[in-house]
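Read the structure below first, then the notes.
The values are calculated or read from the model by the stated rules, or taken from the named source; none is laboratory data. Note that the structure is predicted; figures quoted are calculated from it, not measured. Backbone-built Cβ (ideal geometry, glycine too); neighbour counts: all protein chains shown. Ligands, DNA and RNA are stripped out before the accessible areas are found, and what is left, the full protein with its side chains, is counted by its heavy atoms. Shrake-Rupley method; radii C 1.70, N 1.55, O 1.52, S 1.80 Å.
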Amino acid sequence: MKGETTDLAALALKTQEVYERSAEIFDTLRDKSLFERGWLDRFLSLLPERPAILDLGCGSAEPIAAYLIKCKARVTGLDASSAMIRLARTRYPEGDWRVSDMRGLDLTERFDGILGWDSFFHLTRDEQRALLPRMAAHLNFSGLLMVTVGPGDGEVTGHVGERLVYHASLGIEEYRRILKEVGMRILEFRPNDPDCHGRSVLLAQRTA
């Protein structure tokens with residue numbers, strides 16, 4: 001991963017602001033064809049019936065959380081953008097939608113699965129290092145973690161509408177080491193998956 005010529009450290013601080021100001025635009029432009037379904041189905045196939053799933057960076061709830069709900073999962077959705085959460089609450093008023101920054105994750109609940117799809121990679125590498133143990137601590141035994149990351153260590157920029165947004169990733173061996181230290185093992189890492197619009201997906205399971 002190589003960064004564009006921009007102040008990435010400053011950009012990393014603006015992610016919440018970008019989504020807050022661009023929620024409607026993002027929701028309109030967001031591909032809702034559910035190209036992620038293959039990974040979501042695998043995730044669900046390894047979980048118990050009616051699993052409790054924590055969706056970190058749930059956005060407007062569509063299409064990811066909506067699909068999980070359709071599949072009878074009990075979804076708790078967190079997003080740092082209040083504008084995104086408003087959209088989720090409008091669509092699914094009976095859902096559990098919370099305005100919260102994943103970096104401060106500290107809930108009393110434990111979950112069968114935690115998802116950080118197109119959200120975890122907005123954190124800096126140091127923030128990812130700090131959050132992974134928190135995620136593991138919020139999983140039940142044998143619980144699953146699935147996040148989108150980058151194909152390798154580095155920082156890049158993306159776009160939400162016309163606004164730049166920050167992305168980062170650790171290398172797969174560092175992810176493996178951190179997860180092993182908190183009692184998890186990687187089940188699969190697929191960089192630049194051609195069947196998922198080039199997403200790099202990491203799936204791990206709590207074993208201790």
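For the reader, a short list of remarks on this structure follows.
- Pairing residues of the stretch 165-177 that are closer than 12 Å to Val147 by Cβ and modelled with pLDDT under 95 with residues that are open to solvent by less than 20 Å² (accessible area, probe 1.4 Å) and among the small types (Gly, Ala, Ser), at Cβ distances under 6 Å and at least 6 apart in sequence or on separate chains, gives no pairs at all.
- Boolean, Tyr175 is among the aromatic types (Phe, Trp, Tyr), in a strand (DSSP E or B) and surrounded by 20 or more Cβ atoms within 10 Å (Cβ to Cβ): no
- Selection over the stretch 91-112 of residues that are open to solvent by less than 30 Å² (accessible area, probe 1.4 Å) and part of a helix (DSSP H, G or I) gives a count of 1.
- Flag for Asp126 being surrounded by fewer than 16 Cβ atoms within 10 Å (Cβ to Cβ) and part of a helix (DSSP H, G or I): yes
- Residues in the stretch 50-64 that are open to solvent by 10 Å² or more (accessible area, probe 1.4 Å) and part of a strand (DSSP E or B): 1 in all.
- On inspection, Ser81 does not qualify as closer than 21 Å to Thr6 by Cα and of a type in the set (S, T, N, Q).
- Of the residues Leu131, Leu115, the single one that is closer than 22 Å to Phe43 by Cα and surrounded by 23 or more Cβ atoms within 10 Å (Cβ to Cβ) is Leu115.
- When the stretch 1-56 is filtered for residues that are among the acidic types (Asp, Glu), more than 20 Å from Met146 (Cα to Cα) and touching a helix residue (DSSP H, G or I) at 6+ places or on another chain (Cβ under 9 Å), the ones remaining, listed by number, are Glu20, Glu24, Asp27.
- Figure legend. Inter-residue proximity from the stretch 119-139: first residues within 17 Å of Gln16 (Cα to Cα), second residues part of a helix (DSSP H, G or I), beta-carbon distance below 6 Å, spacing 6+ or different chains. Indicated pairs: His122/Thr15; Thr124/Ala12; Glu127/Arg103.
- Scanning the stretch 65-86 for residues that are open to solvent by less than 30 Å² (accessible area, probe 1.4 Å), within 26 Å of Glu17 (Cβ to Cβ) and in a helix (DSSP H, G or I) yields Ala65, Ala66, Ala83, Met84, Ile85.
- Test for Leu203: is it open to solvent by less than 10 Å² (accessible area, probe 1.4 Å), in a helix (DSSP H, G or I) and modelled with pLDDT of 95 or more: no
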